[in-house]
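Engineer: Just passing along the structure, written as structure tokens.
The values are calculated or read from the model by the stated rules, or taken from the named source; none is laboratory data. Computed from a prediction, not measured in an experiment: that's the story for all the values here. Cβ coordinates were reconstructed from backbone atoms using ideal geometry, including for glycine residues, and neighbour counts include every protein chain displayed. We work out accessible area using only protein heavy atoms, side chains counted, and drop any ligands, DNA or RNA first. Shrake-Rupley method; radii C 1.70, N 1.55, O 1.52, S 1.80 Å.
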Amino acid sequence: MTDALSRLLSERDWLMADGATGTNLFNMGLTAGEAPELWNTDQPGNITTLYRGAVEAGSDIFLTNTFGGNASRLKLHGAEGRVRELNRVGAALGRDVADASGRTVIVAGSVGPTGEIMTPMGSLTHDRAVEMFHEQAEGLKEGGADVLWLETISAAEEFKAAAEAFDLAGMPWCGTMSFDTAGRTMMGMTSAQMAAMIDKLPNPPIAFGANCGVGAADLMRTVLGFVAAGPEKPIIAKGNAGIPKYHDGHIHYDGTPDLMAEYAVLARDAGATIIGGCCGTMPEHLKAMRAALETRPRGPRPTLDEITAHLGGFSSASDGTGDAPDASRERRGRRRG
């Protein structure tokens, strides 16, 4: 049987994903150091509101509140014995929202990194990583997730462990890495290296791409790196709503709805098929993104200069692949095209 996401991809030439989880929950009262996943059982109404906000803003896909729902991360909160439960409930709340939407909406079970460093640099073994990811995947599966969504990964070894775990769970999946260090992940992966890795996985994802990182401009440069590698699979772009700034005691992202609308159209024109936001992306951003995607005609693939003209400069001179743009394109503050 074809999975729901693959069916939707066969019918549409772009899909819109959701926005931020943490930013929205902090606005609802989540405090620093608190595990968001515990709200699946302690504050289910807030999680339903989070999901419904994305759906009502036009998202075709939304991620569950389970990013840190693995045993390693939950152990920090004394909840390592609740992995299956918290993931099941997080997905079930999403299933109810999607089923009540009156259209096809994909519930994507969010799976973030373990927070540990894998061998040989660290102590986390491949087998233990697979075990943790498998436990989380089974909970998301039980809760009714349509697809598993690996995100914000920086190490190839962890990405491969998750792929193996998802195969054990018999679930389709998507995977994104975070390119936040001069066009590379924290562990040194480039966009080209990720694309090559995807092609060799025994259990490849339905779609792959990038999320989070620095700002929308940097993520766009990574998307162009994926496109240059020539992958056959759909590309995911899930960029932050601008750059974080500390303001009045909290972190605020400076990306406006208009900026994120520009980003969404540029991402589509660059070659991304699944387009969403990450940190700082609120329902008002998503509404502007959806409206732009629906009303603005597809254009040619944007150049680096066009990206910086609309989204601001890059945070580094290099995208990590060896084709460094001019230093003049480094971030100089935001400009509008």
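Engineer: Just the accessible area for Thr48, please: 1.4 Å probe, Å², rounded to the nearest 10?
Structural biologist: Surface accessible to solvent at Thr48 totals approximately 30 Å².
Engineer: Within the chain, how many Lys pairs that are eight or more residues apart, or on different chains, come under 25 Å at the alpha-carbon?
Structural biologist: 12
Engineer: Also, I was wondering about something else. Classify the chain from the C-alpha gyration tensor, please: rounded if a/c falls under 1.5, else prolate or oblate depending on whether a/b exceeds b/c.
Structural biologist: rounded
Engineer: Ignoring any ligand, DNA or RNA, what whole percent of the accessible area of the range 181-293 comes from carbon and sulfur when the probe is 1.4 angstrom?
Structural biologist: Numbers: 2160 of 3870 Å².
Within the range 181-293, the accessible surface is 56 percent carbon and sulfur.
Engineer: Follow-up. With every protein chain present, what accessible area does Ser6 have (1.4 Å probe, heavy atoms only), rounded to the nearest 10 Å²?
Structural biologist: We get 40 Å² for Ser6.
Engineer: Take the alpha-carbon centre of the range 48-109, take the same for the range 1-39, and report the distance between them in whole Å.
Structural biologist: About 7 Å separates the Cα centre of the range 48-109 from the one of the range 1-39.
Engineer: Let me ask something else. If I compute solvent accessible area with a 1.4 Å probe over the protein chains, what percent of it on the range 1-152 is carbon and sulfur?
Structural biologist: 49
Engineer: May I ask you to give the solvent-accessible area per residue for the chain, in square angstrom, as obtained with a 1.4 angstrom probe? Show your work: numbers first, answer last.
Structural biologist: Numbers: 13510 Å² over 337 residues.
Accessible area per residue, the chain: 40 Å².
Engineer: Please report the accessible area of Glu138 (heavy atoms, 1.4 Å probe, ligands and nucleic acids excluded) in Å², nearest 10.
Structural biologist: Here the residue's solvent-accessible area equals roughly 40 Å².
Engineer: Which Cα, out of Gly280, Cys174, Pro120, lies furthest along the positive dipole direction of the chain (beta carbon charges, K/R +1, D/E -1)?
Structural biologist: Projecting each Cα onto the dipole axis, the largest value belongs to Gly280.
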